[in-house]
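Reviewing the structure listed below.
The values are calculated or read from the model by the stated rules, or taken from the named source; none is laboratory data. Keep in mind it's a predicted model, so treat the numbers as computed, not measured. Note: ideal-geometry Cβ built from the backbone for every residue, glycine included; neighbour counts use all protein chains shown.
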Amino acid sequence: MSANNHHARYAHIVGWGKYVPPNVMTNEELAKKVDTSDAWIRERTGIRERRIATKETTASMALYAAQEAIEVADVDPNDIDLVIVATSSPEFIFPATASIVQDQLGACNAGAFDLSAACSGFVYGIGLAAGMIRSGIHNNVLVIGSETFSKLLNWKDRATCILFGDGAGAVLLQGSDEYGGILSSVLGSDGSGGELLEIPAGGSKNPTSIETVMANMHFVKMNGREVYRFATRIMVDATKEALEKANIPAEELDLLIPHQANTRIIDYAAKALNLPPSKVFVNLEKYGNTSAASIPIALVEAIEDKRVNPGDHLVFVGFGAGLSWGACALEWTEPTIRRATTPQRAAQSKLRYQWSHVKSLGHRVLRRVDAGVSRTLDRIEGKKNGNGHEE
C-alpha cells in the first residue's frame, strides 16, 4: 500500500519484538574453551554471558522477532510492503534471508532483501525504511536485525570469541501524517579501514578452498585497538549529527540506545555527550555483541523496562565493519503498554502462520508438478519434431 505523496509522511515504529536463544554461555564456560577468565572479560568488555544458537538459525530467529513485532503492531502480514533483514550471518549467500522470512510470515505483497552493513546494519535499515515511507513508495516496512555470529567465530581466538552472541530484534515502521517517528538518519562509511574488521575468505576475492579453511580465513578477524579508537570517536560524532539534523537539542535527548559492543566504548560516548546513566540503555552484559541485532534487542528491553514513553526523544547509534556507522534520531509516539493477548487472538495468529506455512509448501509442490509437466511436454514435442508424427 503506497503512502500519499501530497502530504508529509512520517515513519513511526508501531511494532517491536526480539528473540534470543535459550542457550546461555557464561564467561566461566567460555574460559574452559580459551585462555581467559570471567574477571578478564568483564574488565575489558563488560560482558558476563551471551546467547549461543543451537537449533536456531538467522532466519528462524528473525521470524520469531518479526512475528512478535507484527503482533504488537496488530498489522496483517498482507499489508507489509517490504521486509529488510540486516545481517552479516545470512542463512545462505542467496536466496536472501529476508525472502525466507517474508515467505514464512505470509507477507505475500512484500518485497524482501538482505542488508549487509555489519553491526551498523539495523540503523541503515531504519534509514532506508524511513526514506521509503517519506517518499510514498511504501507504508509498512519490517526491519529486522538477526545474527548467528557464533557460527563465524574461531573459538580459539580470545580477541574475538569472547565478544559476540546470537539473537534477533525487529521493528515495524508505518507511515502516518502525525509528526514524529524517525526524524533524521546519518549513514557513513570509511572503506579505508575495511581490513580492521573482516572475514577474509568466502567471497569472490578468496573463494572457499582447502587452503582458506586450513588458514582459518572464514572466521572474524579484528584489530581491536583500532576499532576501539574509531568507535569512541564515531559514536559521539554520529549522535550529535543525528540530533542536529532532527533539530533536537542535546539536553532534550531522553535515551541513547547504542550498539552493544563494549561498555568502555559506551561509557566514553556517554561521558562525551554529558549523558547520565539514566539516559543510556545497556544490556551488553547479558548478550554480548549481537551485531545488527543489538540495537533492536536493546530497544525492546528498554520498552519492557519502561525506559521509553510517548514523547521521548531517542537516538540509535551503531558502528561496525566497513568501517561503517549510522545513527537516527526519533520522537517516540506509540504507547508502550502492550495489549492483552486473548486466547482467541493467539489462536488466530497461530493459525495464520500455520496456514502461511501450508501455502508455501503448496507453492513448492505446484512448482515441482509444473516443472515435471513442462519437461514431459518438451519430450513429447521433441519426439514430434524429430519423427514428423506423434508417438
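Observations on the model:
- Only residues that are exposed (fewer than 14 other Cβ atoms within 10 Å of the Cβ), among the β-branched types (Val, Ile, Thr) and either under 17 Å from Asp157 (Cβ atoms) or not assigned by TED's automatic domain parsing to the domain that holds Asn289 (or both) were counted across segment 193-227, and they come to 1.
- Failed item, numbered, when Ala112 is tested on (1) surrounded by fewer than 22 Cβ atoms within 10 Å (Cβ to Cβ); (2) within 22 Å of Cys161 (Cα to Cα); (3) in contact with a strand residue (DSSP E or B) (Cβ under 7 Å, 6 or more places away or on another chain): (2)
- Subset of segment 138-161 [surrounded by fewer than 23 Cβ atoms within 10 Å (Cβ to Cβ), at pLDDT 95 or above and aliphatic (A, V, I, L, M)]: Leu152, Leu153
- Within segment 251-309, the residues that satisfy the criterion of being among the acidic types (Asp, Glu) and more than 13 Å from Gly165 (Cβ to Cβ) are Glu251, Glu252, Asp254, Asp267, Glu301, Glu304, Asp305.
- Annotation: of all residues in segment 228-242 being β-branched (Val, Ile, Thr) and free of Cβ contacts under 8 Å to residues at least 60 places away in the same chain, the one that is surrounded by the most Cβ atoms within 10 Å (Cβ to Cβ) is Thr232.
- Taking residues in segment 97-112 that are farther than 19 Å from Ser349 by Cα, and partners anywhere that are in a helix (DSSP H, G or I) and of a type in the set (Val, Ile, Thr), the pairs with Cβ atoms closer than 9 Å and at least 6 places apart or on different chains are Thr97/Thr58; Ala112/Thr97; Ala112/Ile100; Ala112/Val101.
- With respect to the conditions (1) over 20 Å from Ser349 (Cα atoms); (2) in contact (Cβ under 8 Å) with a residue 60 or more places away in the chain; (3) more than 13 Å from the chain's Cα centre (by Cα), Thr87 lacks only one, and its number is (3).
- Here the helices (runs of 4 or more DSSP H) wholly within segment 49-142 that include at least 1 residues being out of contact with any helix residue (DSSP H, G or I) (no Cβ under 8 Å at 6 or more places or on another chain) and either of a type in the set (Lys, Arg) or not assigned by TED's automatic domain parsing to the domain that holds Ser291 (or both) are 121-135.
- Residues in segment 243-257 that are under 23 Å from Pro277 (Cβ atoms), assigned to a helix (DSSP H, G or I) and either touching a residue at least 60 places away in the same chain (Cβ under 8 Å) or outside the structural domain of Ala159 (by TED's automatic domain parsing) (or both): Leu243, Glu252.
- Looking at Phe230, Phe219, just one residue is modelled with pLDDT of 95 or more and within 30 Å of Ser184 (Cβ to Cβ), and that residue is Phe230.
Here is a yes/no grid of residues against (1) in contact (Cβ under 8 Å) with a residue 12 or more places away in the chain; (2) assigned to a strand (DSSP E or B); (3) crowded, with 24+ Cβ neighbours inside 10 Å:
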position: Gln260; (1), (2), (3): yes, no, yes
position: Asn309; (1), (2), (3): yes, no, no
position: Phe316; (1), (2), (3): yes, yes, yes
position: Gly326; (1), (2), (3): yes, yes, yes
position: Leu330; (1), (2), (3): yes, yes, yes
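- Among the candidates Thr160, Thr212, Thr208, residue that is hydroxyl-bearing (Ser, Thr, Tyr), in a loop (DSSP other than H, G, I, E, B) and under 20 Å from Ser89 (Cβ atoms): Thr208
- Residues that are part of a loop (DSSP other than H, G, I, E, B) and touching a strand residue (DSSP E or B) at 6+ places or on another chain (Cβ under 8 Å), drawn from segment 289-307: Thr290, Arg307
- The conditions of being in contact with a Lys or Arg (Cβ under 9 Å, 6 or more places away or on another chain), farther than 23 Å from Ile47 by Cα and part of a loop (DSSP other than H, G, I, E, B) are met by Pro200.
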